[in-house]
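Since the structure comes first, as structure tokens, the remarks are kept for the end.
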Amino acid sequence: MYEGVNASDGIGIGVARVAVEPDLSFTPHAPEDAGDEKQRYSAAVAKFVEQTNAQIERMTETVGEEAAAIMGAHIEFAEDEGIVEMVNSSIEAGMCAEQAVSEAYDMYYNMFSNMEDELFRERAADVADVKTGLLADLLGKEVVDLSTLPENSVVVVHELTPSMTADIDKDNVAAIVTETGGRTSHSAIIARALEIPAVLSVADITKVVKSGDMVIVDGSRGRVLVNPADNDLTHYRTKAKQFAEEKLALEAYRGKETVTGDGEKVLLVANIGNPDDANVAAEHDCEGVGLFRSEFLFMGAKELPSEDDQFAAYQKVALRMKNQPVIIRTLDVGGDKEIPYLNLCQEENPFMGYRAVRYCLNNPDQYKVQLTALLRASAFGDIKIMVPLVTNIDEIRQVKALVEECKADLDARGVAYNKDIEVGTMIETPAASLIADDLAAECDFFSIGTNDLIGYTMCADRGNDRVAYLYDVYQPAVLRSLKRIIEEGNKAGIMVGMCGEAAADPLLIPVLISFGLGEYSVAAPSILRTRRIISEWTKAEADALTEKVMKLKTAAEVKAMLQAAAR
Ligand code: PEP
Ligand code: MG
């Protein structure tokens, strides 16, 4: 049995698909026989075409004919007469197949990526994919495509990047296991949103497991069993059944108001990453959206989404939520969220670098495209704008000034929008926490981003396993910060919510009730359970517990007390 971070609840049982990032480096060499080398190359092309055709067939069933047709371009580029001729003549001139393929496809890649026309530029990515596929075959490596997987796959990867998770074939993934990442890494957040059991940070698991192995993943306890014995299989099948039954029991909370034990109403909303998630959130009975991570829209595109594209995405969520509040966070690029086409420089410490609102305010014309799209969508629902990674009052003032400019532009264009749109801030830095009183005077609402706030407060990266013992919401420093933020927001009469993962922490909920949190924004699958736990505590009970908790000096003592009090 292997242990790791319990990142997404549930039991997954299936067949391993080990997706190792293939090392496609090679040493150029002169082949002994050009004829044989050309044969190797044409065999690689034939295999690539065969695999792509099979992929198209699977995708036609899962994502539809139109989307699958896109893969047809890959076949065209693999069989393109001009390219084939170029590769063959390079081989005849003494190159090995790997080098000939590499140079030919690099040439086409450069040509396409420098073209004016967007459609041609998009082809560059297809060319790069074909090159990877052919090289992998020539070098005897396997490239696993996570967007089309066989049924019941347990995906085993070194690191699951947000972009990989964004188009993962979720219906066929039984579980995810990785060698890196913590509970609040974006891979973990997406795995929870997709309700895929996941265990992260299992050392060397890609070396231990082979594709085809049978694997059990216990995402609730952070355990992975490879080729399990029959009794383990029976045990975990029973546990999977229990998990499903508990989930069913929560259905009693569907359609109910979210109220504390003594009837105090709070808002229970969902975190989403793309417009389609809004459907999932609604199915889980959310009362709105407390965080739409708009950066996933940017990450899923090959270039900056236009105002119309963004508007369509935001409008879709607004309409789906039927006038329930929808908080959309403006582009939070940086940290572990990379957007290649923004060409941001490598930095020594990207989590403290040029990112989020800092990047946006430095690129005001680009930022205004997003703000304008948000304003236009506000005519179709209760959209609110939220600013990430704020550390000082100037940032909020500058964003608000840009919003005013966008409003004036829309007035001039005669386009409708909500003139009273709310602009709020995430409180996810110690600086923002310390000036919460001043920020409250400038903002329409707060939403506490505990994922980052814990990391920045404790100086412990959210994805670094070696300092994971410090990255803890029960640390007294973090609890005091939360108390202060909520109190200052409430004093100023603005809504204070929480969209970090801690909002769904069953142990912490009584403390948050006591502090006076007004809105809980959680992953869709956590909605009903959060509603149940909130209903189990009266304010007086929560206050009595919290008073004792706040006197404790260590995270371990806090956790132990909360565990003992849990209902
Ligand atoms: C947070 O930091 O708590 C948060 C909600 O934002 P993200 O996880 O996207 O950084
Ligand atoms: Mg954050």
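The values are calculated or read from the model by the stated rules, or taken from the named source; none is laboratory data. On a predicted model such as this, the values are computed, not experimentally measured, just so you know. No Cβ is skipped: glycine too gets one built from the backbone with ideal geometry, and neighbour counts run over all protein chains shown.
Mind listing just one residue for me: the one in segment 313-335 that is among the charged types (D, E, K, R) and away from ligand 1 (no atom under 12 Å from the Cβ) and, of those, nearest to Val403 (Cα to Cα)? Ranking the candidates gives Lys316 first.
Matching residues to (1) of a type in the set (D, E, K, R); (2) crowded, with 16+ Cβ neighbours inside 10 Å:
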position: Pro275; (1), (2): no, yes
position: Glu287; (1), (2): yes, yes
position: Arg293; (1), (2): yes, yes
position: Arg320; (1), (2): yes, yes
position: Pro325; (1), (2): no, yes
position: Val333; (1), (2): no, yes
position: Pro340; (1), (2): no, no
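Within segment 410-434, being touching a residue at least 40 places away in the same chain (Cβ under 8 Å), in a helix (DSSP H, G or I) and of a type outside the set (A, V, I, L, M, F, W, C) holds for Pro430, Ser433.
Taking each residue of segment 273-292 that is on the phi > 0 side of the Ramachandran plot and looking for partners that are of a type in the set (Phe, Trp, Tyr) with beta-carbon atoms closer than 9 Å, six or more apart or interchain, yields Asp285/Tyr253.
In segment 353-381, how many are among the polar types (S, T, N, Q) and more than 23 Å from the chain's Cα centre (by Cα)?
At the first step, the residues of segment 353-381 found to be among the polar types (S, T, N, Q) are 362-363, 366, 370, 372, 378.
Among the residues that remain, those that are also more than 23 Å from the chain's Cα centre (by Cα) are: 362-363, 372, 378.
Going through segment 353-381 one residue at a time, the tally reaches 4.
The residues in segment 295-312 that are within 16 Å of ligand 1 (Cβ to nearest atom) and crowded, with 17+ Cβ neighbours inside 10 Å can be counted, and the count is 5.
Summed over segment 214-243, residues that are surrounded by fewer than 17 Cβ atoms within 10 Å (Cβ to Cβ) and under 16 Å from Val155 (Cβ atoms) total 1. What is the one condition in (1) within 22 Å of Leu146 (Cα to Cα); (2) touching a Leu at 6+ places or on another chain (Cβ under 8 Å); (3) at pLDDT 90 or above that Ile196 does not satisfy? Only one criterion is unmet by Ile196, namely (2).
Quick one: is Asp437 assigned to a helix (DSSP H, G or I), of a type in the set (Asp, Glu) and within 16 Å of ligand 1 (Cβ to nearest atom)? Let's see the steps before the verdict.
Details: assigned to a helix (DSSP H, G or I): yes; of a type in the set (Asp, Glu): yes; within 16 Å of ligand 1 (Cβ to nearest atom): no.
Against the criterion (assigned to a helix (DSSP H, G or I), of a type in the set (Asp, Glu) and within 16 Å of ligand 1 (Cβ to nearest atom)), Asp437 does not qualify.
In summary, Asn363 fulfils each of the numbered conditions (1) within 16 Å of ligand 1 (Cβ to nearest atom); (2) farther than 28 Å from Asn490 by Cβ with the single exception of condition (1). When Gly133, Gly140, Gly94, Gly82 are checked against the criterion of being of a type in the set (Gly, Ala, Ser), modelled with pLDDT of 85 or more and either over 16 Å from Val45 (Cβ atoms) or assigned to a loop (DSSP other than H, G, I, E, B) (or both), a single residue qualifies: Gly94. Here Val177 meets the list (1) β-branched (Val, Ile, Thr); (2) in a helix (DSSP H, G or I); (3) over 14 Å from the mean Cα position of the chain (by Cα) almost entirely, failing just condition (2). Screening the candidates Thr258, Thr330 for the property of being over 27 Å from Tyr417 (Cα atoms) and either of a type in the set (A, V, I, L, M, F, W, C) or in contact with a strand residue (DSSP E or B) (Cβ under 8 Å, 6 or more places away or on another chain) (or both) yields one hit, Thr258. Does Ile454 qualify as being in a helix (DSSP H, G or I), away from ligand 1 (no atom under 13 Å from the Cβ) and crowded, with 22+ Cβ neighbours inside 10 Å? Answer is no for this residue. All conditions in (1) within 16 Å of ligand 2 (Cβ to nearest atom); (2) assigned to a helix (DSSP H, G or I) hold for Lys407, with the sole exception of (1).
The number of residues in segment 322-346 being among the aliphatic types (A, V, I, L, M) and away from ligand 2 (no atom under 16 Å from the Cβ) comes to 3. Contact map, segment 531-544: residues that are farther than 19 Å from Glu519 by Cβ paired with residues that are crowded, with 18+ Cβ neighbours inside 10 Å, Cβ distance under 6 Å, separation 6+ or inter-chain. Pairs shown: Asp543/Ser514. Within segment 435-458, being more than 22 Å from Gly290 (Cβ to Cβ) and either at pLDDT below 95 or within 16 Å of ligand 2 (Cβ to nearest atom) (or both) holds for one residue alone: Met458.
Among the candidates Gly500, Gly518, single out the residue that is surrounded by fewer than 21 Cβ atoms within 10 Å (Cβ to Cβ) and under 20 Å from Thr425 (Cα atoms). Write out each step before concluding.
Details: Gly500 fails: surrounded by fewer than 21 Cβ atoms within 10 Å (Cβ to Cβ).
Answer to the selection: Gly518.
Against the test of being surrounded by fewer than 24 Cβ atoms within 10 Å (Cβ to Cβ), in contact with a helix residue (DSSP H, G or I) (Cβ under 6 Å, 6 or more places away or on another chain) and acidic (Asp, Glu), the options Glu179, Glu257, Glu246 yield a single qualifying residue, Glu179. Checking the structure you have, find out if any residue of segment 482-504 is under 26 Å from Thr260 (Cα atoms), among the aliphatic types (A, V, I, L, M), more than 14 Å from ligand 2 (Cβ to nearest atom) and within 20 Å of the chain's Cα centre (by Cα). Looking for residues that are under 26 Å from Thr260 (Cα atoms), among the aliphatic types (A, V, I, L, M), more than 14 Å from ligand 2 (Cβ to nearest atom) and within 20 Å of the chain's Cα centre (by Cα), one finds at least one in segment 482-504, hence yes. When Gly255 is tested against (1) under 16 Å from the mean Cα position of the chain (by Cα); (2) part of a loop (DSSP other than H, G, I, E, B), only condition (1) is not met. Residue pairs whose Cβ atoms lie under 8 Å apart, separated by 6 or more positions or on different chains, with the first residue in segment 190-219 and among the basic types (Lys, Arg) and the second modelled with pLDDT under 95 and part of a helix (DSSP H, G or I), are Arg192/Pro525; Arg192/Ser526.
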